[in-house]
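> Provided herewith is a single structure, encoded as structure tokens, for subsequent inquiry.
The values are calculated or read from the model by the stated rules, or taken from the named source; none is laboratory data. These numbers come from a predicted model, not from an experiment. Here the Cβ positions follow ideal geometry from the backbone for every residue, glycine too, while neighbour counts run over all protein chains shown. We work out accessible area using only protein heavy atoms, side chains counted, and drop any ligands, DNA or RNA first. Shrake-Rupley method; radii C 1.70, N 1.55, O 1.52, S 1.80 Å.
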Number of protein chains: 2
Amino acid sequence: MAKKISHPCWIWYPGDMEIYHCMKQNFSREERGYDWPAYWHMDDWNKSVLFSRETELEEETTFTAYASGVGYVEINGKKYPFGKEIRCHPGIVHITALVGNMSGLPALYVEGRKIWSDTDWTVTNYLDEQPLKAGWSPLYKSRSISPEQIPYREREYHPAEEREAVSVQGNAGTLFDFGRLINGTVKPGLPPAKEVTLCYGESDLEALDEQWCYYKQTRVTEDSILRRRAFRYIFIPDVHAGEVKLTAVHTYVDIPVRASFHCDDELLNRIFDVSVETFRQCSGLFFLDGVKRDRWVWSGDAYQSYVVNPYIFFDPEINKRTLLGLRGNLGIRQHLNTILDYSLLWILGVEHQYLMTGDTEFVREIFPKAEDLIKLCLSQTGEYGFIVGRRQDWTFIDWADIDKTGPVAAEQVLFIKACETMSLLCRLIGGQDDIYRKKSCELKENLNRYFWSEEKGAYIDSYQSGKNHVTRHANIFAVVFDVASKEQQQSIVRNVLLNADIPQITTPYFKFFELDALCRLGFLDEVMERIRSYWGGMLERGSVTFWEEFDPGQNAPEQYAMYGDPFGKSLCHAWGASPAYLLGKYFLGVRPTSPGYQTYEIKPVTRFFKELDCQIPVGKETVRIILKDGEVTTETFYPED
Amino acid sequence: MAKKISHPCWIWYPGDMEIYHCMKQNFSREERGYDWPAYWHMDDWNKSVLFSRETELEEETTFTAYASGVGYVEINGKKYPFGKEIRCHPGIVHITALVGNMSGLPALYVEGRKIWSDTDWTVTNYLDEQPLKAGWSPLYKSRSISPEQIPYREREYHPAEEREAVSVQGNAGTLFDFGRLINGTVKPGLPPAKEVTLCYGESDLEALDEQWCYYKQTRVTEDSILRRRAFRYIFIPDVHAGEVKLTAVHTYVDIPVRASFHCDDELLNRIFDVSVETFRQCSGLFFLDGVKRDRWVWSGDAYQSYVVNPYIFFDPEINKRTLLGLRGNLGIRQHLNTILDYSLLWILGVEHQYLMTGDTEFVREIFPKAEDLIKLCLSQTGEYGFIVGRRQDWTFIDWADIDKTGPVAAEQVLFIKACETMSLLCRLIGGQDDIYRKKSCELKENLNRYFWSEEKGAYIDSYQSGKNHVTRHANIFAVVFDVASKEQQQSIVRNVLLNADIPQITTPYFKFFELDALCRLGFLDEVMERIRSYWGGMLERGSVTFWEEFDPGQNAPEQYAMYGDPFGKSLCHAWGASPAYLLGKYFLGVRPTSPGYQTYEIKPVTRFFKELDCQIPVGKETVRIILKDGEVTTETFYPED
């Protein structure tokens, strides 16, 4: 699947663009007047890299090299500045370009009839044993779009409603409702010299709370340049309706939506559409958890987005960017986001990308970083080969009362799956997979020996504590990642999933895995019921995107609170998009049966629908599924058609 | 020697300021229209660091934190923005400040009556086992001087001479001679809208060569902001004398000169003064090789500057900055400047800093980085424990015809000395030095067994090639670094140093070591003769600073050429300053006899002088040495006195 690109593009040291932008993303959180960079170590991109290209010219040609940074181009030993046309004589031409950039991303762009920047160029950071193939992205084909910028598309929105209102603090003013979530900037239309204050809100209550709204901008004038923020409402104290004109400029990375869902149940249709809207909002250069609050790239959240991706976008590029940005450089010392399970989920993410695309070239590129990470994990194994968090590691799994004494069952399940993934990756690049195969077998055996309780008919959290505590988590992972046997699965269903005595999953993060497990085990009616009530409940409350968490027993203002903060809840959170995945995979039954959708199956479960007219991507093609008069028809087509 | 500072200062992750500025320095080379970043891997400073400070307040107080970067201050769990006064209640106060900076150096400055930023703060990059003591520098005490800037002092100079001249290319114009080396910018006094071209030169011939001068700036107007460059002459084509007014703004890091030399020999006095001028010019934030061409920080050149430093400045700070900037981060994979011997010289530089200052606190801080580097070296040992360059390493030693087959003698001598240094450093921090002591003994034994040729009465370059080739280099190192026995030294004198059949040292870099060896062996007359003829020869040619290289048989224009470039020679090169060191150490006889000049000796060799009135620093004090009427008197005083 080696791609040859026929146009110039910006090139860089592979992974650098993603590492650069991932840090920028993790630096973008702001809250009530201060900035809040992520609290973990973030790897650096390279600051000085050397590009190379050798070619044989039949006739004289010219080219011009441009750089993001300082340096030179050298042709057969002679140096030239960037930005000037260079003449090359016929014969063997060895070109190098050294680009240094202390404050940004060193990158190269070469334009010419015979010579241009593409993936035929190699690059080194002066530490590599061998130069690597240069990195590039279809987002950065134009010289005028610097790879340090995000090539956002823009769309202007005007308020859907505008009304006079009084803030929580008792100040009269005007509340603007854009009727949809905006992630972008605001252009204030103000009389000259007039200064106003903007209070942003995902909800009207947040915008109306001058003290507790997350973003607030004082002394805004006509000329103010405002930061990119996520909001639906803006409250401006001390102005009357009509006195100020607001225009919102929504900014987004354009990733085409390739799925659609229409059935006879309007609620389901809306749930699907709002899932798609939620997922689009949380998909920029990277998969984000949410757009208002953290705006950090979390490996656990991203894993779920890799899984949803083929049922909405089928875009391999955002997966690659997110995997590369999260992972950083060789020589890893800290787990992703400091979380042990998030490192393991990253490795699973690489497998997912392969199964979705069949792209072995990417596997080859990322393999050294996967190996570097699994080596860190392997260095943390102890008794029976189980993985254990170090003092500085966060053994997260979920916000739940999990017994985390010694080795934790849920981590071992992920570790088994990560070793199986490494074994697959080794085979794909033609290497030896013995150690990973052996390791996963040994781990599986020991998981069943030490964590499986015949008495409980389930996996216990910890065998060291002696408490035999059962939570849903390890058991759900064991189902989702195919670690439990068929018999164990049936036992888990009875003793855990359908057992009301086992504490319920409370976070949407883990509900994602729970619903996936239920679908795999055939409990589609239960899942359909939950989709309609849980996601439908948010729609009933007027949501335009799906939330970080939803408790049907709560109403405004409590429904907006989280983490002890009255507006702490993100009202547009990536994991809220799971219905699109669940409907596509389990209800429409569209699933690959070999890597890269070389083969796939389409098995809609028709008993849930009277009518269907849906589209789901299956690789480069899209399948249209129609159910009418009890009969299913499918057709595939290329999106360009 | 723990210092407690009583004023606020900028603080950062230790080493980061030096790494940041060292990269900036290594990115500052320019040549004939293009930039030329250094061609090796440069480590990155941290982009996101967390500062901490705990204290107990007896009464309420306030402070304000400022950051170079984005982030927040947190006091007992509550976050505040930077730049606003924060009130602290009495009791235990735990303060943290997270500073992220993607494009520059994350740093913190805290002002308050009870709480301010100083070395009581710790800092972590989220990877450290324990937070480290924050880094700081006396250069950055003022909030208004950002640690991303170099706090240059400025001094304006007007041309000493201005005359009409014709360039090599035949264009008439005006040549400006500032009469001294400027390292700074130019303010052009021009009529509005007038555009001119500036051609810079360290020599008049360089400035008059519009094609081959290193720096040339076209389209200069009154408002042009010109880069910092090193020059003495500027040629402006197409203008008459008087038509343009040029003002040069010389910029420099103010490191006071504490040595002076006056004797009855005016030539020696001038050689000393020009040595000092040369050394000052090459001493900025870091020791540079030269000011016109590379402007990169080279570990070998820097080593010689550490050695010269106590005889001119006695400034420990520039040593520390250079050592930290060169060394970079833990996890080293590439030798300093890619050169094996330069890594070893870096370790020797740490010992030198300790012997000069007695500062064990710095030893403690830098020890992990020294250990990390020696581990890389130890990983490259093979037969008989000798160190050998890897494929990607440059085994430099000198530009000379050295037999570099297998292990090279000169590298082993440095390696022995580096292991001895590591042993000393271990003892200083209260650690075990066994492995280094054992290693250096074993190496010394094997050096004498395999590299010492009884037949030649000298060390041979390589024992593997069978050529028994003798060069001066290993033998000089063995004398300078006390690796050769007294008997071997005498043999080396006869068979190498005074043996005209052994090829002469041709580079001033190695002449530094050669003259040092000759002085140690008592050949002061020979050294004095060389100082007067070699350095005197440059003065005869009108030099205002000492050159990178000098061949008494050459005159202009050949004398300015080097590396195959007509103006490739740097006319202000740090190693040109060695006479100041040689005169101070061996002729005035000022030498420490214990670390940190706790004890020292002053033994002027009076037969060379009729009169002397000199000052040489001896730690915090300065010694004044007077020779008059055959009698030597000395007195010491504090420079402040």
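> Please state, to two decimals, what the Cα-based radius of gyration of region A:89-194 comes to when divided by 2.2 N^0.38 Å (N = residues).
Numbers: Rg = 24.6 Å, N = 106, 2.2 N^0.38 = 12.9 Å.
Working it through for region A:89-194, the quotient is 1.90.
> Let me ask something else. Could you please state, rounded to a whole Å, how far the C-alpha centre of region A:314-359 is from the C-alpha centre of region B:178-203?
Between the Cα centre of region A:314-359 and that of region B:178-203, the gap is 54 Å.
> Would you mind listing the distances between the A:Lys84 label point and the same position in each other copy? Use 7 Å along Cα-to-C-beta, nm, one decimal, shortest first.
5.2
> Can you list, shortest first and in nm, the gaps between the label point of B:Gly589 and those of its counterparts in the other copies, using a point 7 Å from Cα in the C-beta direction?
10.3
> Among B:His473, B:His94, what's the order by accessible area (1.4 angstrom probe), most exposed first? Walk me through the numbers before you get to the answer.
Numbers: B:His473 10, B:His94 75 Å².
So, going from the largest accessible area down, we get B:His94, B:His473.
> Over 16 Å apart: what share of the alpha carbon pairs of region B:489-594 falls there, rounded to a whole percent?
Details: 3458 of 5565 pairs.
Looking at region B:489-594, the distances longer than 16 Å represent 62 percent of pairs.
> What figure, in Å² to the nearest 10, do you get for the accessible area of A:Thr185 with a 1.4 Å probe and non-protein molecules left out?
40
> What area, in nm² and to one decimal, does the C-alpha convex hull of region A:318-454 cast on average over all directions?
Spelled out: convex hull of the Cα atoms, projected over all directions, averaged, 8.7 nm².
> For region A:1-141, which semi-axes, largest first and in whole Å, follow from the square roots of 5 times the eigenvalues of its Cα gyration tensor?
32, 15, 14
> While we're looking at this one, here's another question. Inter-copy label distances at B:Asp254, 7 Å along the Cα→beta-carbon direction, one decimal in nm, shortest first?
5.7
> Alpha carbon centre of region B:608-629 versus region A:511-554: separation in Å?
That distance is 88 Å.
> Right, here's the next one. What is the ratio of the Cα radius of gyration of region A:376-497 to 2.2 N^0.38 Å, where N is its residue count, to two decimals? List each step's numbers first, then the result.
Numbers: Rg = 14.3 Å, N = 122, 2.2 N^0.38 = 13.7 Å.
Relative to the rule-of-thumb radius for its length, region A:376-497 sits at 1.05.
> Further question on the same structure: Using the Cβ atoms and a cut-off under 14 Å, what net charge is assigned to the surroundings of A:Asp264, where Lys and Arg are +1 and Asp and Glu are -1?
Details: positive: A:Arg270, A:Arg532, A:Arg607, A:Lys610, A:Lys628; negative: A:Asp265, A:Glu266, A:Glu611, A:Asp613, A:Asp629.
Cβ neighbours under 14 Å give a net charge of 0.
> How many Å³ per residue does the convex hull of the Cα positions in region A:278-347 occupy? Display every interim value, and only then the final one.
Details: hull volume 5.8 nm³, N = 70.
Spelled out: Cα convex hull of region A:278-347, divided by residues, is 83 Å³.
> Just the Cα atoms of region A:575-639: what Rg and Dmax do they give in Å?
Both quantities, over Cα of region A:575-639: 11.8, 34 Å.
> A further question follows. What does the charge add up to near A:Gly69, with Lys and Arg as +1, Asp and Glu as -1, over the other residues with Cβ less than 15 Å from its Cβ? All intermediate terms of the calculation are to be shown ahead of the outcome.
Details: positive: A:Lys47, A:Arg143, B:Lys24, B:Arg29; negative: A:Asp16, A:Asp44, A:Glu148, B:Glu30, B:Asp35, B:Asp44.
My count for the surroundings of A:Gly69 gives -2.
> Which of the GluC sites (Glu not before Pro) found in region B:102-178 are loop residues per DSSP with 14 or fewer other Cβ atoms within 10 Å of their Cβ? Write out the running numbers ahead of the final one.
Working: sites: B:Glu111, B:Glu129, B:Glu148, B:Glu154, B:Glu156, B:Glu161, B:Glu162, B:Glu164; in loops: B:Glu129, B:Glu148.
Loop-located and lightly packed - B:Glu129.
> Show me the three semi-axes of the equivalent ellipsoid for chain B, from the C-alpha gyration tensor (sqrt of 5 times each eigenvalue), largest first, rounded to whole Å.
39, 36, 25
> Starting from the coordinates of the alpha-carbon atoms of region B:444-493, obtain the Kirkwood hydrodynamic radius over all distinct pairs and give the value in Å to one decimal. Don't skip to the answer; put the middle values down first.
Values: mean 1/r = 0.0935 Å⁻¹.
When all Cα pairs of region B:444-493 are included, the Kirkwood radius is 10.7 Å.
> Here is a further query. Quick check: from the Cα gyration tensor, does region A:161-200 come out rounded (a/c under 1.5), prolate or oblate?
Working: a/c = 1.82, a/b = 1.04, b/c = 1.74.
Cα axes put region A:161-200 in the oblate bin.
> Here's something else I'd like to know. Can you compute log10 of I(q)/I(0) for region B:185-283 with the Debye formula, treating each Cα as one identical point scatterer, at q = 0.15 Å⁻¹?
Cα-only, vacuum Debye calculation for region B:185-283: -0.72.
> Okay, moving on. Semi-axes, largest first, in whole Å: what does sqrt of 5 times each Cα gyration tensor eigenvalue give for region A:135-210? Mind showing how you got there, number by number?
On the way: eigenvalues 241, 43, 27 Å².
Calculated on Cα positions only, the semi-axes equal 35, 15, 12 Å.
> How about region B:533-641: which GluC sites (Glu not before Pro) there are in a DSSP loop, with at most 15 other Cβ atoms within 10 Å of their Cβ? Intermediate values should be presented prior to the final figure.
Values: sites: B:Glu540, B:Glu548, B:Glu549, B:Glu558, B:Glu601, B:Glu611, B:Glu621, B:Glu631, B:Glu635, B:Glu640; in loops: B:Glu548, B:Glu549, B:Glu611, B:Glu640.
Answer by residue number: B:Glu611, B:Glu640.
> In this model, which of A:Lys216/A:Lys569; B:Lys320/B:Lys439; B:Lys47/B:Lys133; B:Lys24/B:Lys417; B:Lys511/B:Lys585; B:Lys375/B:Lys438 are farther than 20 Å apart at the alpha-carbon? Before the final figure, lay out each step's value.
On the way: A:Lys216/A:Lys569 17 Å; B:Lys320/B:Lys439 27 Å; B:Lys47/B:Lys133 17 Å; B:Lys24/B:Lys417 31 Å; B:Lys511/B:Lys585 16 Å; B:Lys375/B:Lys438 15 Å.
In this structure, B:Lys320/B:Lys439; B:Lys24/B:Lys417 exceed 20 Å between Cα atoms.
> Give me the one-decimal Kirkwood hydrodynamic radius in Å for the protein assembly as shown, with the sum taken over alpha-carbon pairs.
On the way: mean 1/r = 0.0286 Å⁻¹.
Hydrodynamic radius (Kirkwood, Cα pairs) of the protein assembly as shown is 35.0 Å.
> Just to confirm my numbers, what's the Cα centroid distance between region A:475-497 and region B:225-249 in Å?
81
> Out of all DSSP beta bridges with both ends in region B:104-185, state the antiparallel percent to the nearest 5.
Details: 8 of 8 bridges.
That works out to approximately 100 percent antiparallel.
> Tell me, what is a quarter of the convex hull surface for the C-alpha atoms of region A:533-616, in nm² with one decimal?
Across all orientations, region A:533-616 yields a mean hull projection of 7.5 nm².
> Among the trypsin sites (Lys or Arg not before Pro) within region A:310-341, which fall in a DSSP loop and have no more than 15 other Cβ atoms within 10 Å of their own Cβ?
Details: sites: A:Lys320, A:Arg321, A:Arg327, A:Arg333; in loops: A:Arg333.
Passing both the DSSP loop test and the Cβ count: A:Arg333.
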